[in-house]
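Working notes, structure below.
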Amino acid sequence: MLKKLKTMKKTTRSSMITYAIVIVAFIVMQALTYTGNLSSLLQGLLVPLCTYVILAVSLNLVVGILGELSLGHAGFMCVGAFSSAFFSKCMRDVITVAPLRFFLALLIGIAVAAVFGIIIGIPVLRLKGDYLAIVTLAFGEIIKNLVNVLFIGVDSNGFHFSTKDVMGLNMEADGTVIVNGPQGITGTPKDSTFLIGTILVLITLFIVINLTNSRDGRAIMAIRDNRIAAESIGINVTKYKLMAFTISAALAGAAGVLYAHNLSTLSANTNNFGYNMSISILVFVVLGGIGSIRGSMIAAVILTLLPELLRGFADYRMLIYAIVLILMMLFNWAPKAIEWREKYLSFGKRKKEAVK
Amino acid sequence: MAALLDVKNLGISFGGLRAVNGFDISIEKEELYGLIGPNGAGKTTVFNLLTGVYKPDSGKILLDGQDITGKKTIDISKAGIARTFQNIRLFKQLSALDNVKAGLHNKHHYSTMAGILRLPSYRRVEKEMDEQAMELLKVFDLEQEAHLTAANLPYGKQRRLEIARALATEPKLLLLDEPAAGMNPNETGELMDMIQFVRENFHMTILLIEHDMKLVSGICERLTVLNFGEVLAHGKTSDVLNDPQVITAYLGE
């Protein structure tokens, strides 16, 4: 087994290590849960952890592989979350098998997020750098705010829509409100589990890693490194930019589905679907090393767990969090630290090669 | 026989500046043609017009009888023109091998799904691409560097890698923009041999911009001299280089 690992191509070996980390982490967490060694606080964090890992890995496709700064990632997550929660709530009594219902909700969340990715991607991908970042930030906020004024109800006559209030739905007496504006959707079935989350993380990693190491991934990275040269050898820049952006949006949608089915009440606010979230995801990607898939995964886990684990320090919590941010930045980017890592930690070097 | 590249009356203005005006050129198959001229004469602009980076506002470009005037860069690449750049434009973070494989992009296909799911077509096509790219790297004596990141290659090798990448698109016409810029006489000599080799082995038609007169007089059969965006002279290399007008343009009165 180990011998086989050595003869594999470097990129294959690196991705195998990444998958192994996820699987080992899953087994350890399950073991701790069953032996009662995991606090209920941490148990509650397991699904959100998976959500953040998926978000970080998918954003890395745009920021690291395509090389464009997107600050609207939470918007796609929002779209995936609400469309799937809407479906699940409607189908709650029709489809009673939870995994099947979740699977269908997942497909819907991914599809809707991908459609939004294409619709938003076509105009905004004409921009570059700071301009693209600002416009994606704006689109993310627009999505969040649109969801906040959306009212949908159902009665014997079918669906009713309004952008004003519940009264505006004009429903019959037997009607129920499904999406209640700023209060969002309540009563989504809690179908997300840590197992499903882990599987989704593995699928996300599989898609992003394999895409990166394929013909299409090479074209995307070629555009990142030099757009003019990529065009000169006949690579369709618009097509591949849109492809990376859409796949990234679709995966963020999947993260949204996972997120929505872990909560009984889903409402859009600044902290879960607004720019705070988009910036947090970007922090995971930057601290984990732009372009390093495994790095963004690890950064997402550490930075999500840290505030919770530091609750005991009360007032000093955010101070320690900030210091850890700075230390991680140094560890990942300072030339001396990179030198030290390559000398003493072989995985650091392999990780770098996997990026290339 | 019709020329491979036939350009008539090509022109473009940037604001009030007529950067290229009434540019004509006719290059036969498998010819090695030089485009020279003082700095700012519009040589690179001609390349950018030929490859669709700029749209000409007058004139016609025929490649092998096909009208490619005003077409997009990717369509011109598919029609068969490949180029290198004056300031090297490699895919810096990719390996030398991947740079060439990127050049093979339109010659080998498998679907996105096949790539993600690692279907047999992915393995087969990637293997073909690897083999073909390695062959090209061998031609340019770069096989040792195949897995090195392009940005870490020495300057001369980066220039050669750029030519290899351009050839990977299997062009009919290869445009080289100052291939010897920044090279020492030794490297220039090697480059000359390499260009000759490419021309003979790939039956390639080559149009090159160059300042190095040793290289130009050594390998180019015919020359066009550009000055202030207009053709000053064209014809056999030795005739053009002895033309008093050309000497004046280069050295001043």
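The values are calculated or read from the model by the stated rules, or taken from the named source; none is laboratory data. Worth saying up front: this structure is predicted, and the values here are computed from it rather than measured. Because the Cβ atoms are built from the backbone with ideal geometry, glycine has one as well, and the counts that use them run over all protein chains shown. Note: accessible area is taken over every heavy atom of the protein model, side chains too, but ligands, DNA and RNA are not part of it. Shrake-Rupley method; radii C 1.70, N 1.55, O 1.52, S 1.80 Å.
Consider only pairs whose beta carbons are under 7 Å apart and that are at least six residues apart or on different chains; among these, list those whose first residue lies in region A:90-103 and is open to solvent by 40 Å² or more (accessible area, probe 1.4 Å) and whose second residue is in a helix (DSSP H, G or I). Pairs that qualify, where the first residue is open to solvent by 40 Å² or more (accessible area, probe 1.4 Å) and the partner is in a helix (DSSP H, G or I), are A:Met91/A:Arg101. Filtered by the rule that a residue be open to solvent by 20 Å² or more (accessible area, probe 1.4 Å), more than 8 Å from chain A (Cβ to nearest Cβ) and assigned to a helix (DSSP H, G or I), region B:96-115 gives a lone residue, B:Met113. In the set (1) more than 9 Å from every other protein chain (Cβ to nearest Cβ); (2) within 14 Å of the chain's Cα centre (by Cα); (3) at negative phi, the condition left unmet by B:Pro56 is number (2).
On inspection, B:Gln66 fails the criterion of being touching a strand residue (DSSP E or B) at 6+ places or on another chain (Cβ under 7 Å), closer than 29 Å to B:Ile36 by Cβ and more than 10 Å from every other protein chain (Cβ to nearest Cβ). Residue pairs whose Cβ atoms lie under 9 Å apart, sitting 6 or more positions apart in sequence or on different chains, and linking a residue in region A:131-149 that is basic (Lys, Arg) to a partner that is open to solvent by 30 Å² or more (accessible area, probe 1.4 Å), are A:Lys144/A:Asn269; A:Lys144/A:Thr270; A:Lys144/A:Tyr275. Take the conditions (1) open to solvent by less than 60 Å² (accessible area, probe 1.4 Å); (2) not assigned by TED's automatic domain parsing to the domain that holds B:Glu135; (3) not in a loop (DSSP other than H, G, I, E, B); B:Asp193 misses just one of them, which is (1).
Taking the criterion of being within 10 Å of another protein chain (Cβ to nearest Cβ) and either among the aliphatic types (A, V, I, L, M) or under 17 Å from A:Arg224 (Cβ atoms) (or both), the residues of region B:116-141 that qualify are B:Ile116, B:Leu117, B:Val125, B:Met129.
Restricting the first member to region B:13-26 and to residues that are more than 15 Å from B:Ala41 (Cα to Cα) and open to solvent by less than 70 Å² (accessible area, probe 1.4 Å), and the second to residues that are of a type in the set (Phe, Trp, Tyr) and assigned to a strand (DSSP E or B), the beta-carbon pairs closer than 9 Å and six or more apart or on different chains are B:Ile25/B:Tyr33. Tallying residues that are more than 19 Å from B:Arg159 (Cα to Cα) and aromatic (Phe, Trp, Tyr) within region B:91-146 yields 2. Restricting attention to region B:85-95, the residues that are modelled with pLDDT of 95 or more and more than 9 Å from chain A (Cβ to nearest Cβ) total 0. Scanning region A:32-89 for residues that are in contact with a Lys or Arg (Cβ under 9 Å, 6 or more places away or on another chain) and of a type in the set (Phe, Trp, Tyr) yields one hit, A:Phe87.
The residues of region A:155-176 that are buried (at least 18 other Cβ atoms within 10 Å of the Cβ) and either in contact with a Phe, Trp or Tyr (Cβ under 7 Å, 6 or more places away or on another chain) or in contact (Cβ under 8 Å) with a residue 24 or more places away in the chain (or both), listed by number, are A:Ser162, A:Leu169. Of all the residues in region B:209-253, those that are in a loop (DSSP other than H, G, I, E, B), open to solvent by 70 Å² or more (accessible area, probe 1.4 Å) and more than 24 Å from B:Thr188 (Cα to Cα) number 2.
Among the numbered conditions (1) surrounded by fewer than 21 Cβ atoms within 10 Å (Cβ to Cβ); (2) more than 10 Å from chain B (Cβ to nearest Cβ); (3) not hydroxyl-bearing (Ser, Thr, Tyr), the only one that A:Phe206 does not meet is (2). Taking (1) at pLDDT 95 or above; (2) surrounded by 15 or more Cβ atoms within 10 Å (Cβ to Cβ) in turn, A:Thr11 satisfies each apart from (1). Out of curiosity, is B:Thr73 more than 8 Å from chain A (Cβ to nearest Cβ) and not hydrophobic (A, V, I, L, M, F, W, C)? So B:Thr73 fails the test. When region B:19-45 is filtered for residues that are among the basic types (Lys, Arg) and within 18 Å of B:Val216 (Cα to Cα), only B:Lys43 remains. Taking the criterion of being surrounded by 21 or more Cβ atoms within 10 Å (Cβ to Cβ), part of a helix (DSSP H, G or I) and β-branched (Val, Ile, Thr), the only residue of region B:136-180 that qualifies is B:Ile163. Please tell me if B:Glu145 is acidic (Asp, Glu) and either without any contact (Cβ under 8 Å) to a residue 12 or more places away in the chain or in the same structural domain as B:Ala2 (by TED's automatic domain parsing) (or both). For B:Glu145, the condition - acidic (Asp, Glu) and either without any contact (Cβ under 8 Å) to a residue 12 or more places away in the chain or in the same structural domain as B:Ala2 (by TED's automatic domain parsing) (or both) - is not met. For region A:214-231, a residue qualifies if it is within 7 Å of chain B (Cβ to nearest Cβ) and either in a helix (DSSP H, G or I) or open to solvent by 10 Å² or more (accessible area, probe 1.4 Å) (or both), and the qualifying residues are A:Arg215, A:Asp216, A:Arg218, A:Ala219, A:Met221, A:Ala222, A:Asp225, A:Asn226, A:Ile228, A:Ala229, A:Glu231. B:Arg165 meets all of the listed conditions (1) under 22 Å from A:Ser232 (Cα atoms); (2) basic (Lys, Arg); (3) modelled with pLDDT under 95 but one, namely (3). Scanning region A:235-256 for residues that are facing chain B (nearest Cβ under 10 Å), surrounded by fewer than 22 Cβ atoms within 10 Å (Cβ to Cβ) and not charged (D, E, K, R) yields a count of 3. For region A:257-287, residues that are open to solvent by 10 Å² or more (accessible area, probe 1.4 Å) and part of a strand (DSSP E or B) total 1. Set side by side, the residues A:Leu59, A:Leu41, A:Leu69 differ, and just one is surrounded by fewer than 24 Cβ atoms within 10 Å (Cβ to Cβ), among the hydrophobic types (A, V, I, L, M, F, W, C) and part of a helix (DSSP H, G or I), which is A:Leu41.
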